[in-house]
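Below you'll find the structure, written out as structure tokens, and then a few comments.
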Amino acid sequence: MKLPFAESWKIKMVEPITKSTREQREAWIKEAGYNVFQLRADQVYIDCLTDSGTGAMSDRQWAALMMGDESYAGARSFYELRDTIERITGFKYVIPTHQGRAAENVLFSALVHEGDYVPGNSHFDTTKGHIEFRKAFAVDCTIDDAKDTQKELPFKGNVDITKLEKVLEEHKDKIPFIIVTVTNNTAGGQPVSMQNLRDVRALADKYGKRVVLDSARFAENAYFIKTREEGYADKTIKEICKEMFDLADGMTMSAKKDGIVNMGGFIATRWEDWYEAAKAFVIPFEGYLTYGGMNGRDMAALAVGLDENTEFDNLDTRIHQLQLLASLLDEYGIPYQRPIGGHAVFVDALKVLPQIPKEQFPAQTLTIELYKEAGIRGCEIGYILADRDPVTRENRFGGNDFVRLCIPRRVYTDNHIRVIAAALKNVFDRRDEIKKGVEIVWEAELMRHFTVKLKPVE
Ligand SMILES: *Cc1c(COP(=O)(O)O)cnc(C)c1O
């Protein structure tokens, strides 16, 4: 008999989680203004809010914490981190920062100016924010197929090369760099192929531009290249990572994702001029060059995390959990963004609750129902998150309306995954009884989803 698949780790330390009753959850979510961001974590049974900073460190990472060097300047832990990053990426200049958006802040302060254009594939919200804050434009060149939730493509995060060339042609002198996000978070954790990275490189060379990889999930991207792209099956994850970064000039990194630490980030580049320019901003914004925003011990744990998470078995365990979740949703007929990506499932709420008008926020309604059903915290990536149009102040109902369920790294077992799927099925089976959604009682002008107060429609 073929042995079944199992995790590539065993558990040394556990953290109890508690179940609650439906009655308790109904009271708690009401108190939270029907906004899951306002719940206390103790009121959640399985937390799928995000995979950012929520992973479980290994025994080697915890051991590394104890060996951290907290020297203000020139700490040994910095050099360990720098050498690990150089070995994996080939980038020799490294600047630590306190998280991914801080890396963007430092690098973009040096490179992005008013009136610039920064083309890429579905810029992450903080990336877009840091571009627009500088009165520059983030131009989304993702392939159109990424919007079709039912279309199965191996590399649905790809850059549309024709769209990219059009932007390069039109704004030649106003483009500081091209940014490619791996994996493409906004499109559903969808990977970018090596061929696509090669095509982006060729265009960048043609127009004399540099390429930045927004690398939060670069190791998961490498896993998909290995398992889906022709010619990579026999390469190691580390070889594939090196090849990806060989096609770029620099990276920004949220280490809270594929670094498997709870806080941290960095910039890395092969170019001395970029490093020199960024240096001027890291010191006032983050800290001295050899710690940026990080403790010595955190840099030590990150160096180990990067090494571990660029090994196949660790990634294989993680992606298998996502694929288990997808196979259960398939069995139950629950529609989601296909194929499942590297870190989350995006449930298509408009297809689950077509009877709920857009003005009553179907994905938020489904998020609340799932919480009430089993204490599972997902997150609306839909019409509330989309905010209002800045000019007309109308809700933006143009895009998708998803419930995102993120899976933290090395935290939950396959049994938890089965609970998540079963809870969704229970809500799905009684979807016709859900007749009304929610309405907004209070909202902030920008990024309203964090603090919005809602109530059920009477
Ligand atoms: C999380 C994330 C960021 C921002 O990183 P933080 O550590 O949350 O500041 C940037 N880009 C992508 C693709 C991300 O997923």
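The values are calculated or read from the model by the stated rules, or taken from the named source; none is laboratory data. Source: prediction; values computed, not measured. For neighbour counting, all protein chains shown are included, and Cβ atoms are generated from backbone atoms with ideal geometry for every residue, glycine included. Each accessible area value is taken on the protein alone, full model and side chains, heavy atoms only, with ligands, DNA and RNA left out. Shrake-Rupley method; radii C 1.70, N 1.55, O 1.52, S 1.80 Å.
Things worth noting here:
- Within the range 58-75, considering residues that are surrounded by 15 or more Cβ atoms within 10 Å (Cβ to Cβ) and in contact with an Asp or Glu (Cβ under 8 Å, 6 or more places away or on another chain), the one farthest from Gly287 (Cα to Cα): Ser58
- Test: residue in the range 386-397 that is crowded, with 24+ Cβ neighbours inside 10 Å, touching a residue at least 60 places away in the same chain (Cβ under 8 Å) and not polar (S, T, N, Q): no
- Residue within the range 404-411 that is more than 21 Å from the chain's Cα centre (by Cα) and open to solvent by 10 Å² or more (accessible area, probe 1.4 Å) present: no
- Within the range 26-84, if we keep just the residues that are farther than 21 Å from Leu366 by Cβ and polar (S, T, N, Q), the residue that is nearest to the ligand (Cβ to nearest atom) turns out to be Ser52.
- Residues that are among the polar types (S, T, N, Q) and closer than 25 Å to Glu331 by Cα within the range 426-455 comprise just one, Asn426.
- Selection within the range 373-382 - at pLDDT 95 or above and surrounded by 19 or more Cβ atoms within 10 Å (Cβ to Cβ): Ala374, Gly375, Ile376, Arg377, Gly378, Cys379, Glu380
- Scanning the range 174-189 for residues that are touching a strand residue (DSSP E or B) at 6+ places or on another chain (Cβ under 7 Å) and either more than 11 Å from the ligand (Cβ to nearest atom) or of a type in the set (Ser, Thr, Tyr) (or both) yields a count of 8.
- Of all the listed residues (Ala255, Ala280), the sole one being crowded, with 23+ Cβ neighbours inside 10 Å and of a type in the set (A, V, I, L, M, F, W, C) is Ala255.
- Residues in the range 5-25 that are free of Cβ contacts under 8 Å to residues at least 60 places away in the same chain and either within 16 Å of the ligand (Cβ to nearest atom) or not in a loop (DSSP other than H, G, I, E, B) (or both): Glu23, Gln24.
- Residue pairs meeting the criteria (Cβ under 9 Å; at least 6 apart or on separate chains; first of a type in the set (Phe, Trp, Tyr) and open to solvent by less than 60 Å² (accessible area, probe 1.4 Å), in the range 163-188; second away from the ligand (no atom under 11 Å from the Cβ) and part of a loop (DSSP other than H, G, I, E, B)): Phe177/Val112; Phe177/Lys209; Phe177/Arg210; Phe177/Asp249
- In the range 221-245, residue least open to solvent (accessible area, probe 1.4 Å) [restricted to those that are farther than 13 Å from Thr89 by Cβ and among the acidic types (Asp, Glu)]: Glu229
- Wholly within the range 335-447, strands (runs of 3 or more DSSP E) carrying at least 1 residues that are out of contact with any helix residue (DSSP H, G or I) (no Cβ under 9 Å at 6 or more places or on another chain): 344-348, 402-406, 438-442
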